[in-house]
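As structure tokens, the structure follows; a few thoughts come after it.
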Amino acid sequence: MTRLMNKSMWLVGMMMGMGVTSVFAGEAATNAYAGSRGTATASAHYDGADGGIGLARTRTGTGEVNFARGLAMGVDADGFDLSFSHAIADRGGPAYAGTFNLSIDYDGDVSGSYGSVVSLGGLARSAEAGGSTRTDWRGPVSTATASGHTDSGGRVIARTNTYTRPNVRPIVSRTYRPTWR
């Protein structure tokens, strides 16, 4: 019984430790969807660490043109995070969605991602794009997704890209200069 209790306490301690480390990060995430048959949805979320301040907004509209957009941004103890996604579709034309995500930490490291999708042809079209970005003690990380759909033919063209650039610190040469007394 003592052995089981020791293993259980160890497991609980590990789970609590993982929960504590995942809290110390700022994250912004957005998603946008629009379809040619009168649908549009958007979501935005910002979670900051250590008293960070942020903003999360969405806007959608349906009618002749269906559109959705989401914006999430904030600053906390780890750095700056920004996520923006948008989508648009009308009854007769193509459906389009795009996303842009950026994180900059206080050391100057940058991570970003972007993506877009176009759905062409078919009886009905839809497009969706989203992404998330975060900064934590390991550095910034960013992801992007893009997807589309057409009914009864048509084609979908989607593209995403993610990049991370560490801060380039200059090498300072310090030449030894003896002092004479």
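The values are calculated or read from the model by the stated rules, or taken from the named source; none is laboratory data. This structure is a prediction, so every number in the text was calculated from the model and none was measured. Glycine also receives a Cβ, built like all others from the backbone with ideal geometry; neighbour counts cover every protein chain displayed.
Out of all the residues in the stretch 134-147, is one or more at pLDDT 95 or above and over 18 Å from GLY70 (Cβ atoms)?
no
Is it true that some residue in the stretch 111-129 is of a type in the set (Lys, Arg), under 20 Å from ARG57 (Cβ atoms) and crowded, with 22+ Cβ neighbours inside 10 Å?
The answer is no; no qualifying residue exists.
Please find, among ILE104, ILE157, the residue that is of a type in the set (A, V, I, L, M, F, W, C) and surrounded by 18 or more Cβ atoms within 10 Å (Cβ to Cβ).
Details: ILE157 fails: surrounded by 18 or more Cβ atoms within 10 Å (Cβ to Cβ).
Answer to the selection: ILE104.
Select from the stretch 115-168 the residues that are part of a loop (DSSP other than H, G, I, E, B) and among the polar types (S, T, N, Q) and write down the one among them that is farthest from the chain's Cα centre (by Cα).
Once the filter is applied, the top-ranked residue is SER152.
Any residue at all in the stretch 79-87 that is over 26 Å from PRO166 (Cα atoms) and touching a strand residue (DSSP E or B) at 6+ places or on another chain (Cβ under 8 Å)?
There is at least one residue in the stretch 79-87 that is over 26 Å from PRO166 (Cα atoms) and touching a strand residue (DSSP E or B) at 6+ places or on another chain (Cβ under 8 Å).
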